[in-house]
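A short worksheet on the structure shown next.
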Amino acid sequence: MTLPPYPSGHQLLEGKRVLVTAAAGTGIGFATAKRCAEEGAVVAISDKHERRLAESAARLAEVMGRDPVAVACDVTREDDVQRMFDEVGAFDILVNNAGLGGTAELADMTDEQWSIVLDVTLTGTMRCTREALRRLRLQGTGGAIVNNASVIGWRAQAGQAHYAAAKAGVMALTRTAAVEAAAIGVRVNAVAPSLAMHENLAKVTTDELLAELTAREAFGRAAEPWEIANVIVFLASEYASYLTGEVLSVSSQHP
């Protein structure tokens, strides 16, 4: 199926300051940072991988017309998270994109395999959300947080017990944080993509599995990362001003 045209910006985030975690590379994180910049935001990015972070910052600078704040951050380390927010400074929107996958049947899964996926994907999202809410409360200017969940948080897939549990946890965290954050004018929502194709996914997934997953999609193709990013931009924007505690499926997958 032919891809839809790449959208032009409409200044949906004009004047907003956005932080996107795990934004290096070619996946949803960088696509989100780029779309936010195209919508008028001043964007800061973080990632654990310093070389890819520098490369992504240079690409983002071409869109923004200025160098973005780019902070190396491992979301499993609380001191890294604190330093990231310190270097970014005041912000309006946080996009929690950091996550880690893997494939292992539950009967063969080690504690280490389980723990690292949960620590990056769920606890890392909690750490960043917690600190964002503390700082947004002090700023007193409202704001928005958008988390990256996954349809695997709803749907069973063999070999994904750790990732499914983590993403289901992100969904529950989103709903609870939204209730608590409403009092300070902060909205908290999440997207749940099914299959978004980028080169890193292709490296860690077999052609057979990708073909099987693609066949489940109603459009007969995977999403482009920027198509997920468009929905994140919507949730971050004032067009979603009365939307909080929601997990929005970004999937054409039929049952």
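FYI, it's all coordinate maths here, none of it is from the lab. In this text the structure is predicted, and so the values were computed from the model without any measurement. Note that each Cβ is placed from the backbone with ideal geometry, even for glycine, and that neighbours are counted across all protein chains shown.
Which net charge results when you count Lys and Arg as +1 and Asp and Glu as -1 among the other residues whose beta-carbon is under 14 Å from that of Ser241? Here the charged neighbours net out to -1. Maximal additional length on extending the Asp108-Ile184 stretch stands at 22.9 nm, based on 0.36 nm per residue less the C-alpha distance.
Divide the volume of the convex hull around the Cα atoms of region 97-148 by the residue count and you get 67 Å³ per residue. Sketch the reach of a paramagnetic label on Thr2 as a point 7 Å from Cα along Cα-to-Cβ, and name the residues of region 215-250 whose backbone nitrogen lies under 12 Å away. Under cut-off, by backbone N: nothing. Annotation: the residues Val75, Val42, sorted from fewest to most other C-beta atoms within 10 Å of their own C-beta, follow the order Val42, Val75.
Roughly what % of Cα-Cα distances in the chain sit above 29 Å, to the whole percent? Counting every Cα pair in the chain, those more than 29 Å apart make up 25 percent. Taking every pair of alpha-carbon atoms in region 3-66, what share in percent sits in each 10 Å bin, from 0 to the bin with the longest distance? Bins of 10 Å from zero give 24, 54, 20, 1 percent of pairs.
Quick one, can you get me the convex hull of the C-alpha atoms of region 112-255 expressed as volume per residue in Å³?
For region 112-255, the hull spanned by Cα atoms encloses 116 Å³ per residue.
Principal axis extents of the Cα atoms in region 15-133, from largest to smallest and rounded to whole angstrom, are 51, 28, 22. I'd like the orientation of helix 50-64 relative to the chain: the angle between its Cα long axis and the longest Cα principal axis, in ° from 0 to 90, rounded to 10. Result, in degrees: 60. Think of each Lys and Arg Cβ as +1 and each Asp and Glu Cβ as -1; about the Cα centre, that makes the dipole of the chain roughly 600 debye.
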